[in-house]
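What follows draws every value from the coordinates through simple rules; no lab data is involved. Quick caveat: nothing in here was measured; it's all calculated off a predicted structure. No Cβ is skipped: glycine too gets one built from the backbone with ideal geometry, and neighbour counts run over all protein chains shown.
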């Protein structure tokens, strides 16, 4: 039996499960909505980044317009308003004061040259005995050294010979005078006799003076070859160059040195630039290293007229009485010279700025405008600096923080 096919419209449709869901359907599953959420998040981040870049671009010109700390123009420096440097600067006027300068210099104790003697041997010979020691105090006329000298025997012999020849010359002169009175002597014989007498008399005096210089008696019955050297003055033996048994053949070399230390000198060397601050009669305070708690008062006795070419210093001496010999040659001390008052420009030491081995200060030429200026320093005393030239009293200078204005 034949079956008629169904009409075309009535043919079977695909199953509903194979159809795509409607994306606009709120009842659609969650996996379908996730891509949309991610797109929205990316768009929001991009918008925030755009706004941030625009804000930075707007702030950049403001940063460029920030004021500079310093404005330089040659040797002049200006500190603009709002600069943090202003808070770190201190400005004060240059003061003019009466300054009394104290010049402190190292010094040393020396023996007074007018009270110092080098003991020389009167003759060459061998030292047989030494009766003085280094540092010993001796009295004038005290025996110091005994020398055995052959030259002393020769000096005695010269004296005896001169004495005999003078006696013979005296007899011959008297005889010629007697003959001349009766006409029995020639005139030339009388003149020769007179000449011989005068010559021998002078020779005797020379020989006698030689023995006296040696320090012996010409008429002593015991004419030994030893001579005793005695102290020429009272004092202390500060140098000793001889020892028993030594043969001394140089009469110009000192055996020892004796100094009278009842008066000593304190010697200081004043720099050339400060020479004008020291004068004869000026008061000086001296403190010795051996007596640090005591101050010795003195006055300048001598200022040398000659400058030492090597040290470029002037020698200054102060005399001190030293009856107890507390001050000894070679001691170190500090001498304080009190110079007269002088009126000068003064600034704090903090105002100085060192540049290229030269000192300079910053002068205020206008409110918060400054100019560097070189200055010459006279001296520094404590925290104050006395200037010779470069600034005038009343000018305002930077006394703190000037180094910030430098290059």
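Compute the label zone of residue 198 within the stretch 176-192: residues whose backbone N is under 18 Å from the point 7 Å along Cα-to-Cβ. Once the point is set 7 Å along Cα→Cβ of residue 198, 176-177, 187-192 turn out to lie under 18 Å by backbone N, inside the stretch 176-192. Placing pseudo-labels 7 Å out from each Cα toward the beta carbon at residue 161 and residue 188 gives an inter-label distance of 2.8 nm.
Mind checking the alpha-carbon convex hull of the stretch 101-204 and giving the volume per residue in Å³?
Details: hull volume 24.3 nm³, N = 104.
It comes to 234 Å³ per residue, whole-number rounded.
Taking 0.36 nm per residue of separation and subtracting the Cα-Cα distance, full extension of the segment from residue 170 to residue 85 would add 19.5 nm. Relative to one another, the C-alpha centroids of the stretch 303-336 and the stretch 190-219 are positioned 48 Å apart. Calculation over all alpha carbon pairs of the stretch 210-266 in 10 angstrom steps from 0 returns a P(r) of 16, 40, 31, 11, 2, 0 percent. Give me the extension gain from residue 254 to residue 294: residue separation times 0.36 nm, minus the current Cα-Cα distance, reported in nm with one decimal. Full-extension gain reported as 10.7 nm. Using a simple spin-label model with pseudo-atoms 7 Å out from Cα toward Cβ, residue 247 and residue 365 lie 8.6 nm apart. Between residue 137 and residue 383, the contour length at 0.36 nm per residue exceeds the Cα-Cα span by 83.6 nm. Computed over all pairs of different Cα atoms, the Kirkwood value for the hydrodynamic radius of the stretch 152-224 is 13.3 Å.
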